[in-house]
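Everything on this sheet refers to the single structure shown next.
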Amino acid sequence: MIMYLNGVYVPDTEAKISVLDRGFIFGDGLYEVWRAIEGRFFEPARHQARFENGLRALKISQPDDTKAAQIRAIADRLFAENSLQAGEATLYLQVTRGVASRTHHFPAQGTKPTVMMMARVFTPSEARCRTGGSAITVPDIRWHRSNIKSVQLLPNVLANEQAHQADALEALFVRDGLLTEGTHSNLFGVIDGVLRTHPANDFVLPGITREVVLEVAESIGVPRAEKAIGIDELARVDELFVCGTTMDVTPIIRVDGAPVAGGSPGPITNALYEGLLARLYSRQEVAKT
Ligand code: PDD
């Protein structure tokens, strides 16, 4: 695979960073994941805005090659170099605070952030979105700034591995009795006909798919509330699903071994999935930046 690292295009086997990179030493960095369909990004402006918000939150000054136009140009080259212009792909961007001798405080002004981008083939799992799968719940032991797409993902990694071991699709985090989100997805449920999801505050990532799902719900007249689902409400949830760039809308039909309602994907979930597909694959909506 040809990737982009600090201004050059190199095979992944030759892409090297210093062991003193603050991403390696402290996990001091940020990432973003775009979905591309035949080379066109889905909701590029929203991904760009979230990424730039993250840079501001971490006080990393924005490298020129991470401006929207440059990312677009680098992605075009990566898609071409890796034969990804047809079909679907993801673009992964990671920026760290750069290479410096190890101090907890920020390094000297002018330390150049490390910038890496890679494109990979992506195969959406339509079958999984039609049939759904199970989830487990785990305590949300993450920090209080889960709205930042930091590369520090250990709680997510450990929870997802636990789900994997249990043959579950996703682990759902629970904080103070409320379901926050999945390890790499946002969570939605339907209770008493109302579509519910955790508010986009510091405890969840403001997912781009989450926003699109809320817009689709509005367009088809589904009542919605940005109000977290309590763990004690799970027994009366009619539908549950997770969503994200790599999950689309995936029904959750069992939680911790217990079926969700009838144990099969519900009608609102299915309608929202169809609406997301329409947005994903309409050329207009994914127009190039
Ligand atoms: N993850 N919540 C978390 C914790 C996530 O990591 C993600 C996405 C989402 C969904 O956000 P979006 O709809 O913008 O993709 C929610 C990416 C895909 C990843 O870590 O690979």
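Worth pointing out:
- Per-residue Karplus couplings for segment 184-189, computed as 6.51 cos²θ - 1.76 cosθ + 1.60 with θ equal to phi - 60°, are listed in order as 8, 7, 9, 10, 10, x Hz, Gly and Pro entered as x.
- Ranking of 90, 103, 180 by count of other Cβ atoms within 10 Å, fewest first: 103, 90, 180
- Point-charge dipole on Cβ atoms (K/R +1, D/E -1) for segment 79-131, about Cα centre, debye to 20: 280 debye
- Nearest-ten-degree value, helix 208-219 long axis tilted from longest Cα axis of the chain: 40 degrees
- Spacing of the modelled spin labels on residue 62 and residue 83, each 7 Å from Cα toward Cβ, amounts to 3.6 nm.
- Taking a Cβ cut-off of under 12 Å around residue 96, the surrounding Lys, Arg, Asp and Glu residues balance to a net charge of +1, with basic ones at +1 and acidic ones at -1.
- Within straight-line reach of residue 16, meaning a Cα separation under 25 Å, sit the following lysines at least 8 residues removed in sequence or on another chain: 59, 67, 112, 149.
- Size of charge dipole - segment 1-111 - debye, nearest 20, with Cβ of Lys, Arg +1 and Asp, Glu -1, no other charges: 440 debye
- For segment 183-289, the C-alpha radius of gyration sits at 1.05 times the compact-globule guess of 2.2 N^0.38 Å, with N the residue count.
- The long axis of helix 267-281 is offset from the longest Cα principal axis of the chain by roughly 30 degrees.
- Positive contributions from Lys and Arg (+1) and negative ones from Asp and Glu (-1), summed over other residues with Cβ under 12 Å from the Cβ of residue 65, come out at +3.
- Degrees between helix 68-81 axis and first principal axis of the chain (Cα, 0 to 90, nearest 10): 90 degrees
- Mean-position separation - Cα centroids, segment 53-132 and segment 217-257, in angstrom: 29 Å
- Taking only Cα atoms of the chain, radius of gyration then Dmax in Å: 19.4, 58
- For residue 198, distant residues with modelled amide H under 5 Å away: 187, 229
- Size of charge dipole - segment 140-235 - debye, nearest 20, with Cβ of Lys, Arg +1 and Asp, Glu -1, no other charges: 260 debye
- Helices in the chain, meaning DSSP H runs of at least 4 residues, each add -39500 (n - 2.57). Divided by all residues, the mean residue ellipticity at 222 nm is -8500 deg cm²/dmol.
- Backbone N under 15 Å from the residue 24 label point (7 Å along Cα→Cβ), restricted to segment 82-103: 96-103
- For residue 187, net neighbour charge (Lys/Arg +1, Asp/Glu -1) across residues whose Cβ lies under 10 Å away: 0
Just so you know, all these numbers are worked out from the coordinates, no wet-lab data involved. These numbers come from a predicted model, not from an experiment. Positions of Cβ are generated from backbone atoms using ideal geometry, with glycine treated the same way; all protein chains shown enter the neighbour counts.
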